[in-house]
Each structure stands twice: as C-alpha cells, then as structure tokens.
Amino acid sequence: MNLQLKNDGNRATENRRLHLFADTARLTLPFLVLVALSLVWKFIDPLFTDRLTNFLQAIPHAPWAIVVVIPVYCLLSLFVFPISILLYGTILTFGLFPGVLYAIAGTMTAAMLNYYQGKLFSQKHVYRFLESRKLSDLKEALQTPGLTTIMVIRLTPLAPFTIENYLAGAVGVGTRNYALGTFLGLMPGILCIGLITTALRPYVQNPLYYIPIYFGMSSVLLLLVLSGKKIAGSIARQRLQKRFGSIIYTRLDQIKGLGAYFAGEPWLASYINHISQGCEGQNFFVKVGTPQGNDTLMLFQLITVTPKDLLSYVKSKRSLGKNLVRQILGRLLQKRRIKILVNGCPNLTGDFRFVDKPADLNEADATMAALRQLQHVVDYDAVIIKDIAEPWKKRIPEYKTFQVDPNMVVRNQWETNDEYVSAMRTKYRQRYLSTMKKSSAIAVEKLGFLQIVEQKSQINALFRNIVKTDKFNLEQISENYFMRLAQTPEFSLYGYYLDGRLVAFRSSLAAGEKLIAHYVGYDEAANGEYKIYQRMLYDYVAEGIGGKFRDIHLGRTALEIKSTVGAEREDYSLLFHSDNWFYRTAGNYYVGRLKATSFEARSPFRDGE
C-alpha cells in the first residue's frame, strides 16, 4: 500500500510538469495569436480589411447573432479557453447593449453545459487533477457548498472557468445554488468588463491594441485570483474549524478527564509525563472535537535541529559539486536553528499521533484543524507527521509523502521461551544456541533506579555510540532521559557486563499488550566478539514471552537481523511540509533521499509455526 503511494507520488510529479507545460501554453496562446494578428494586419489588402470591418459591424444588427454567440461560448469552453477573452470580444463586437446580455447568455449556457458534463466525471480523478495544481482550497470550499460559496468563487475566480464548472458538477453542488450563485457572482464582473471595454472601444480599431488591453485586464484578474484563493482558503478553514473544534494544552495535567483519554494506554501518559519534565514549551496536546461530538487528543512535540545535523544524515555519492553545495549550505545556515513540529512521539516507533481516536475520525481534517490552531501559539519552520500506519483516505497536496523503514514486530504465540526455540528451523535454532554460547561470558542484570543514576555516564556513552550510526532520527535525548523513565513502572533497563564492566544495555516499555524495545547501546568491540546485539534481540523475545505480551516491537533498525528472530515488518509512512520555500525545497530533497531500507526477510520458523 505504501509502495503504491510512493509510485503515485512519482507519477503525480511527472503529471504536474506536464500540466505546468500545458497551462503555460494555454495562457500564452492568446498573446501569440494577438501578436500574429497585429503583424498580419499590416500586410492585408485594405479592401479585405474594409469588408471584414463592415461584416463585423453588421453582426450586432443580425437577428441570428445570439444563435452564433452561445455555441461559440460552449465550444471554446470545452477547450478551457479563457472566458475573459470571450467577454472582451463579445462586448467589443456588440457594444454594451446587447453585448452584456449576449455575454451573460453565453457564459451561463457554457457554465451549465460544463456542470452537467462534470456530473459524468469521477470525483477521484477530478480531485487528483486539482491536487496536482494545488487548488485544494477550491476543492475544500465546494465540499459543503452553499449559495454564498458559489458567489465568492465566481466573484474571485480561483481556477479556469471551465474547471470550476466541471468540479461543481463532479462534487454534487445543487443545481439551483450553482445556477443562481454563478449568475449573481458573474454579473458584477461582466458589467465591469462591459463598461471598461466600451470606454476603450474607440481605440481598438487595430488588433495591436488588444494586447495591452488583454494583459491589463489579465493583471486585474490575477489580483482577483490571488485574493480569491485567500478568501476561499479562509472559508475552508472556518468551515473545518467549525467541524473540528480544538483546544491546545502544554501539559497533561491541564486536561480535564485525562484518564478517559488514556484509559486504553495509561503507560503512554506516564511516559509523556516523565519525559516532559524540564521541557516546557516543547510538548503540545491538542484536543480535537469531531462533527459527531467525539473528542480525541493529538500529540505534538517541537524539536530544534541544525542544518549540520540534517546534512550529516544524507548519505550520497560524493562529487565536487555536491560537496560544494553542502559546504555552502552549511556556512549559510550554520547559525540557523530549524524548528520542526512533529505529530507523534519522536522517541517511540509507531503510530502515536492520536490518543483515544474515534473510529469515524477523518485524520486528515483533524490534523489540519489542529495545525491551524497551533500556528497561533507555536513558531515552527516545518511539520513532520510521523509513522502513519494506514494511508489517509484524503490527501493533503502540500504535504509530501515519504516511505520510512518498517517497524519489526514479533507476534507472540508461545507460552515459554523453550517453545519459541523449538519452533525454529534447524539453521536458526543453531544460530540461537551459538549466540547464547558466544555471549555466555556476558552477565545480564536488570538495573534499578539507583544503579541507573550511578551508571548514567556509561549508559549515555554507549547510547551515543549507536545514535551516531543511525540512518536518520528525530530523537533528542537528554542526559537524564533514562533516569526519568526509571521512575515509571512500565520501564525496564538491563545492563550487560563483561568482567564487571558495563559493555551494553537494552531498555523496554511495557505498553499494554505490547512490549516496546526502546533504546539500546553497546561497545562495538565487545559486540563483535560476543554477539551482544543478537543476544539482546533474543532477550527481548524472551522478555515478551515471559510477560505474556501479544506483540514484541523491536523497532526499525537492523531489519534483516530482526527478521531472523521472527519479526515481521509493519509499514509506516511520513508526511513533510514547510511554508518556507527554502526549507520545503531542501526538506523534500533531503528527506526524499532517505529511502526505506530494502532487505531480505528471513523465515526462522517451521511451516505452520
């Protein structure tokens, strides 16, 4: 599923390029035509120009004029021809009256034709088209349309006239609201164009003068489009906010009825409380109310990184050009601190974005509502929505999707550790026995709070040995992190000793029916000789079996090795966005280079086990 999303994203990028080229060609075509006409005009026989002028001047008085105008509007609308040019041409040809009436008749007929054609379109394809052109505000405004919404869209065009018509039909806008809103919304613009064009009519005997008129009017329309997008976006946000009310908290103890939210995951409340100590202003809890009257709690954390930190994670084939770019970026941004707002728990692998999430919750809408509220109280440069287990049904076009390494999970189906070992194939059972034999010189001890305090420096040093080799992480671990967690009953930390010296440790969290393998650390030399990391994986499984946990989560590193102890992949994706164009471009590039690790999954158990 996530691989499909990734492929869809690549195809969407290619489509956007094609659409950009098509849009550019369509917008420049009228200009090229007008320039060509102005040049050709100088070389046309004067007799022909006089006949053409007489013919055009006779059209307004012909009884069949309206019969020609309406089909022309309908035909050109099918090719997404700019409606503004048709309006200018109609009024220049017929005058203010009946030009305005003809323009209204042609525009309304074309609008209704496109509207009924849009009813035949698939909403999925129409939405994909809009998302590729970043017209999500228009789509959102038409999700729950009313007469006012249609009028605002028509007064301040957000997209080509034909596209708006198709979309209105595709999303099921009511015919009455659509027709009346279109008429009332277009009327002021047509009248303004009629008055301005009529005033300029004496000066457009030569087609050369159409060029400044066209581009002058287009500049005004561009300003209307930009303001229209702002207005439609504001309407969409207000509608969304009404559907999803939200309240922001900075501490869990501020939330009334906290126990009800964490009734299914009390360990998570305990974990957040302890790691939040001394980190005021970094954690945010947003209570989001759904349209159905249910509440959910969303978890956010603000982390600060430097460009140097991010660049250090990018592993690529070095070249002189790439090294130069990295050095320039590093120098330009060396004093800059990038603030990233993370939806989820940066220090935990898994989907912890929501607490007590209702089954009918629209995750995309709820997340956008929460982020809009946070914009007023939190200063951040970028957003990362972390570890999405199931792709959103509703895509947010400005957020780019990335595949991340899977979480490796052992599904516990054994009563004892001996049953687990007996279920292995001969090859993997021999590996288990070999690992236990090689690590027999290692003494394993569960550490209490005081022991963790005494050995804090050794534990942190071993942990840093592992962090520096990570592919990418968002974790920011303080020196007292393990001490704080040691005060919670759900946390366990085991020390691995060689001749009385701490050479490794592993930690875990009892998370309801799950055992979460937390951070580990080890001495690389000791690990190479005594197979400590492989031993720790077996010990995690033994701890999970002994504790009767349903699942044993081993995290997203050393994927192939974890598959040898029976872990299966659990896929996640990540969303990234920044309103800052530089961070958005750089983030999409660098995060996009952090490809999900490919590995060959092993099957250590006999068939049927």
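The values are calculated or read from the model by the stated rules, or taken from the named source; none is laboratory data. Note that the coordinates shown come from a computational prediction; the quantities given were computed from them, not determined experimentally. Don't worry about glycine lacking a Cβ; one is built from the backbone with ideal geometry, like all the others, and counts go over all protein chains shown. Quick note on the areas: whole protein, heavy atoms, side chains included, nothing else; ligands and nucleic acids left out. Shrake-Rupley method; radii C 1.70, N 1.55, O 1.52, S 1.80 Å.
Along its principal axes, region 358-511 has C-alpha extents of 56, 41, 30 angstrom, given from the largest down. Across the accessible surface of region 360-472, with the other protein chains kept in place and a 1.4 Å probe, carbon and sulfur atoms take up 49 percent.
Summing +1 for each Lys or Arg and -1 for each Asp or Glu among the other residues whose beta-carbon sits under 12 angstrom from that of A486 gives +1.
Simple spin-label estimate for H376 and T304 gives 2.5 nm between the two label positions (7 Å along the Cα-to-Cβ direction from each Cα). The simple spin-label model puts a point 7 Å past each Cα toward its Cβ; for T416 and F599 those points are separated by 3.0 nm. Available extension along the chain between N465 and K548 is 26.7 nm, counting 0.36 nm per residue and deducting the alpha carbon span. Counting 0.36 nm for each residue step from Y497 to Q451 and taking away their Cα separation leaves a gain of 15.2 nm.
At a Förster distance of 45 Å, what's the computed FRET efficiency of R425 paired with A260, Cβ-Cβ distance as r, to 0.05?
On the way: r = 47 Å, r/R0 = 1.04.
Efficiency computed from Cβ-Cβ geometry: 0.45.
Take peptides 530-542, 257-269, 88-100 and line them up by average Cβ neighbours within 10 Å, highest first, as a rough protection proxy. List each step's numbers first, then the result.
Details: 530-542: 22.2, 257-269: 14.8, 88-100: 19.5.
Sorting 530-542, 257-269, 88-100 by mean packing, highest first, produces 530-542, 88-100, 257-269.
A simple spin-label model places pseudo-atoms 7 Å from Cα toward Cβ; at N480 and V68 they are separated by 8.6 nm.
Compared with the alpha-carbon gap, the fully stretched path from D360 to T93 is longer by 90.5 nm at 0.36 nm per residue. Quote the FRET efficiency, to the nearest 0.05, computed for N54 versus L184 with a Förster distance R0 of 51 Å and r equal to the Cβ-Cβ distance. In this case the efficiency is close to 0.85. For region 436-583, lysine pairs with C-alpha atoms less than 27 angstrom apart, excluding pairs fewer than eight positions apart on the same chain, total 29. With a Förster radius of 56 Å applied to the beta-carbon distance between F43 and D579, the computed FRET efficiency rounds to 0.60.
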